[in-house]
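Working notes, beginning with the structure itself.
The values are calculated or read from the model by the stated rules, or taken from the named source; none is laboratory data. Note that the coordinates shown come from a computational prediction; the quantities given were computed from them, not determined experimentally. When we count neighbours, we look across all protein chains shown, and the Cβ atoms used for this are built from the backbone with ideal geometry, even at glycine.
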Number of protein chains: 2
Amino acid sequence: MNVTVLCGGVGAARFLRGLLDVVEASTVTAVINTADDTVLHGLSISPDLDTITYTLAGATDDERGWGLAGETWNAMAALGRYAEVRPAGSGAAPTWFNLGDTDLATHFYRTARLTEGASLTEVTAEIAAAWDLGLRMLPVTDDRFRTLVTLGGDGDEAGSEVTFQDYFVRLRHGVPVTDVRFEHHDARPTDAVLAALHDADVVVIAPSNPIVSIGPLRALPGIDEALVARRESVVAISPIVGGAALKGPADRMLTELGVEPSVTGVAGLYAPVASALVVDTVDADHRDAVEAAGMRCVVTPTIMSEAGVGAELARTCLQFAR
Amino acid sequence: MNVTVLCGGVGAARFLRGLLDVVEASTVTAVINTADDTVLHGLSISPDLDTITYTLAGATDDERGWGLAGETWNAMAALGRYAEVRPAGSGAAPTWFNLGDTDLATHFYRTARLTEGASLTEVTAEIAAAWDLGLRMLPVTDDRFRTLVTLGGDGDEAGSEVTFQDYFVRLRHGVPVTDVRFEHHDARPTDAVLAALHDADVVVIAPSNPIVSIGPLRALPGIDEALVARRESVVAISPIVGGAALKGPADRMLTELGVEPSVTGVAGLYAPVASALVVDTVDADHRDAVEAAGMRCVVTPTIMSEAGVGAELARTCLQFAR
């Protein structure tokens, strides 16, 4: 049985970890968001790809909750000297995006290979091999593609459109959002991604932010069509539990964009492309509303900070294989 | 009195340190070689600019003899993982060029500013300000410009042309050289450099490698002409002491390229553009040969590892002011 998982970052990484406890890694394909990718200091940075790589490699600092275990931050500390002298208007030496010293090696390798003409798909496979990951990691596209967020509120930047990293990291997702769009020009999913969506026995939409993690994937031509064509064996996991996001700003963002921040709101977003929604036990009373939105509702523990929950969640999803 | 110094890396940095002991920093302009500059991991690296910056800032590790004090190497250590998986023929993840974690901040800033459209001259001034250096630091050109070395010997790469960093760092300058050339296409010195050569009361050619450090400067259009026009107030310091280079491969390289590895050989190279050569006391018996080559010969201690020698050497050079 082959499984394809549509992925953002942290939530998807945790789900994949559980999935790899119950199936052979070689049967798993992760299709990963690249619309948060950015270039800083000349380096090509792919946050979601790296979060998944490091998590599955068991290399993350679980106590701190982010970054690599044993990480140091000496390069960033030294950058402060330059942030003080940059001319007005310059975005050089951004110290708000913290890159650990050993994490830098990944960006160095990716940047050098892309400069040599390798595709992001090729580089990602090489990075996965370097960490001995057995699953197939596919960036959703090899093309340039990014999420742009329009800021609301009454701050200095209200009304302006910024990149996702500006919103998420620099502004610590503390500013309301009035719009999200994906700038993709001619970007298209790779053939490998479309084949993985077509060929898998089951497609799982990981518990990632439906707007800014799964949204960009669905904005690319052909992705929604591929899901619709096999909707009966597509299952989504709600990233909203008890009306709140486990991590990140998904709940606020849904509200700001006019979507109810609940599993029912999530069902409304996913009903066109998935036949079932997995919701946490705390949301059992939303079952009728989810089904009214057009999805089967599966109630099971989804909070993967407890051991075994990810594996059980994965088993639940595998039941939707055609 | 204004002083302009033509500079490579380490030898020039030590001379400048001595010079700044005896004159106001604001009267000093360093014109610095950029033909060893390279791009690694997407980062713009300027070894001679950084050696001078760090040395003058007192930030170098004098015990180790290179790099920043308190430096760590965690990014490079982590890069080894990727060097193992890169495809055959790929030059990604070069671990032979060791970049310290705090040193990286300088490359990050330079790269980001150049990407924003700043000139290398502007960025260099900003970096000098960040380190509170009072002198004016000028890259010799803002254009792309590099040293290429043809390898001799009987190794695998014999006969091939490589970049200076390949020769100097990757091959640890352990391979004979049969030719050196400067690929500069349309590169030209900046107006600031030409003005600094014209306006200074004295121009000093620092004790840097005459072939690969001072050579590239002289290969740019207008530099030799500017020196010839004021030859009487141009003084060079021999980097060769007792027939050997104090640091680096200058002695072997001179021999390989058919130049006698002695102060007399150096005099032959500099006589067209400088009226005097400062040689170390151990080379006092070369005085007649240097003068026969067409230069005044000044004998004085030049080995700057001892305190006070650099300052005294600077005073000697200032005597040639017009």
Give me the residue from region A:150-174 that is touching a helix residue (DSSP H, G or I) at 6+ places or on another chain (Cβ under 8 Å) and buried (at least 20 other Cβ atoms within 10 Å of the Cβ) and, out of that set, nearest to A:Asp37 (Cα to Cα). A:Gln165
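This table checks each residue for (1) farther than 26 Å from A:His107 by Cα; (2) hydroxyl-bearing (Ser, Thr, Tyr).
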position	(1), (2)
B:Leu43	no, no
B:Leu49	no, no
B:Thr53	yes, yes
B:Ala59	yes, no
B:Asn74	no, no
B:Ser90	no, yes
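If you go through region B:220-244, how many residues are over 20 Å from B:Thr29 (Cβ atoms) and of a type in the set (A, V, I, L, M, F, W, C)? Can you show your working first?
Narrowing region B:220-244 to residues over 20 Å from B:Thr29 (Cβ atoms): B:238-244.
Filter once more, so that each one left must be of a type in the set (A, V, I, L, M, F, W, C): B:240-241, B:244.
Total meeting the criteria: 3.
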Regarding B:Val228, is this residue under 30 Å from B:Asp285 (Cβ atoms) and aliphatic (A, V, I, L, M)? yes
Can you name the residue in region A:58-91 that is aliphatic (A, V, I, L, M), in contact with an Asp or Glu (Cβ under 7 Å, 6 or more places away or on another chain) and in contact (Cβ under 8 Å) with a residue 24 or more places away in the chain and is also surrounded by the most Cβ atoms within 10 Å (Cβ to Cβ) among such residues? A:Ala75
So B:Leu133 passes all but one of these: (1) surrounded by fewer than 20 Cβ atoms within 10 Å (Cβ to Cβ); (2) part of a loop (DSSP other than H, G, I, E, B); (3) within 13 Å of chain A (Cβ to nearest Cβ); (4) not β-branched (Val, Ile, Thr). Which condition number does it fail? (1)
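B:Leu171 - would you say it is hydrophobic (A, V, I, L, M, F, W, C), in contact (Cβ under 8 Å) with a residue 12 or more places away in the chain and touching a strand residue (DSSP E or B) at 6+ places or on another chain (Cβ under 8 Å)? So that I can check it myself, show each step before the final result.
Numbers: hydrophobic (A, V, I, L, M, F, W, C): yes; in contact (Cβ under 8 Å) with a residue 12 or more places away in the chain: yes; touching a strand residue (DSSP E or B) at 6+ places or on another chain (Cβ under 8 Å): yes.
Considered against the rule, which asks whether it is hydrophobic (A, V, I, L, M, F, W, C), in contact (Cβ under 8 Å) with a residue 12 or more places away in the chain and touching a strand residue (DSSP E or B) at 6+ places or on another chain (Cβ under 8 Å), B:Leu171 comes out as yes.
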Apart from one, (1) within 14 Å of chain B (Cβ to nearest Cβ); (2) in a helix (DSSP H, G or I); (3) of a type in the set (Asp, Glu) all hold for A:Glu225; the odd one out is (1)
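Do any strands (runs of 3 or more DSSP E) entirely within region B:234-322 hold 2 or more residues that are closer than 24 Å to B:Val212 by Cα, among the aliphatic types (A, V, I, L, M) and at pLDDT 95 or above, and if so, which?
On the way: elements: B:234-237, B:276-279, B:296-299.
It comes to B:234-237, B:276-279.
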Against the definition (aromatic (Phe, Trp, Tyr), more than 14 Å from every other protein chain (Cβ to nearest Cβ) and out of contact with any His (no Cβ under 8 Å at 6 or more places or on another chain)), how does A:Trp66 come out, yes or no? yes
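Looking at A:Leu114, A:Leu120 in this structure, which one is aliphatic (A, V, I, L, M), surrounded by fewer than 20 Cβ atoms within 10 Å (Cβ to Cβ) and closer than 29 Å to B:Arg81 by Cα?
Working: A:Leu120 fails: surrounded by fewer than 20 Cβ atoms within 10 Å (Cβ to Cβ).
Criteria check complete, one pass: A:Leu114.
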Number of the condition not met by A:Asp61 [criteria: (1) within 12 Å of chain B (Cβ to nearest Cβ); (2) over 21 Å from A:Ala192 (Cα atoms)]: (1)
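Can you tell which of A:Val202, A:Val259, A:Val212, A:Val241 is within 22 Å of A:Leu151 (Cβ to Cβ), in contact with a helix residue (DSSP H, G or I) (Cβ under 7 Å, 6 or more places away or on another chain) and surrounded by fewer than 22 Cβ atoms within 10 Å (Cβ to Cβ)?
Numbers: A:Val202 fails: within 22 Å of A:Leu151 (Cβ to Cβ); A:Val212 fails: surrounded by fewer than 22 Cβ atoms within 10 Å (Cβ to Cβ); A:Val241 fails: within 22 Å of A:Leu151 (Cβ to Cβ).
Unique residue meeting the criteria: A:Val259.
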Scanning region B:146-170 for residues that are at pLDDT 90 or above and either under 30 Å from B:Asn2 (Cα atoms) or of a type in the set (A, V, I, L, M) (or both) gives B:Arg146, B:Thr147, B:Leu148, B:Val149, B:Leu151, B:Ala158, B:Val162
List, please: which pairs have Cβ atoms under 7 Å, are six or more places apart or on different chains, and start with a residue in region B:142-166 that is in contact (Cβ under 8 Å) with a residue 60 or more places away in the chain and end with one that is in a helix (DSSP H, G or I) and hydroxyl-bearing (Ser, Thr, Tyr)? B:Val149/B:Tyr167
Members of region B:72-91 found to be under 21 Å from B:Gln165 (Cβ atoms), more than 8 Å from chain A (Cβ to nearest Cβ) and assigned to a loop (DSSP other than H, G, I, E, B), listed by number: B:Trp73, B:Gly89
With respect to B:Thr147, determine if the residue is closer than 22 Å to A:Asn98 by Cβ and either away from chain A (no Cβ under 12 Å) or out of contact with any helix residue (DSSP H, G or I) (no Cβ under 9 Å at 6 or more places or on another chain) (or both). no
Do you know which residues across region B:73-126 are under 28 Å from A:Gly70 (Cα atoms) and among the acidic types (Asp, Glu)? B:Glu84, B:Asp101, B:Asp103
Residue count, region B:21-58 (criterion: among the hydrophobic types (A, V, I, L, M, F, W, C), more than 12 Å from B:Leu133 (Cβ to Cβ) and not in a strand (DSSP E or B)): 3
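Right, B:Pro94: part of a loop (DSSP other than H, G, I, E, B), touching a residue at least 40 places away in the same chain (Cβ under 8 Å) and either within 30 Å of A:Ala125 (Cβ to Cβ) or at the interface with another protein chain (Cβ under 10 Å from one of its Cβ atoms) (or both) or not?
Numbers: part of a loop (DSSP other than H, G, I, E, B): yes; touching a residue at least 40 places away in the same chain (Cβ under 8 Å): yes; either within 30 Å of A:Ala125 (Cβ to Cβ) or at the interface with another protein chain (Cβ under 10 Å from one of its Cβ atoms) (or both): yes.
Answer is yes for this residue.
Return the residues of region B:174-193 that are part of a strand (DSSP E or B) and free of Cβ contacts under 8 Å to residues at least 40 places away in the same chain; say none if nothing qualifies. Give the steps one after another, and end with the answer.
Of all residues in region B:174-193, those part of a strand (DSSP E or B) come to B:177-183, B:189.
Within region B:174-193, B:Arg181, B:Glu183 meet the criteria.
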State whether the residues of region A:39-56 include one that is away from every other protein chain (no Cβ under 12 Å), over 28 Å from A:Ala200 (Cβ atoms) and either free of Cβ contacts under 8 Å to residues at least 24 places away in the same chain or among the charged types (D, E, K, R) (or both). no
If you go through region B:97-122, how many residues are at the interface with chain A (Cβ under 7 Å from one of its Cβ atoms) and touching a residue at least 12 places away in the same chain (Cβ under 8 Å)? 7
Quick one: B:Ile32 ticks every box in (1) in contact (Cβ under 8 Å) with a residue 60 or more places away in the chain; (2) among the aliphatic types (A, V, I, L, M); (3) closer than 18 Å to A:Ala105 by Cβ; (4) in contact with a Gly (Cβ under 9 Å, 6 or more places away or on another chain) except a single one, so which number is it? (3)
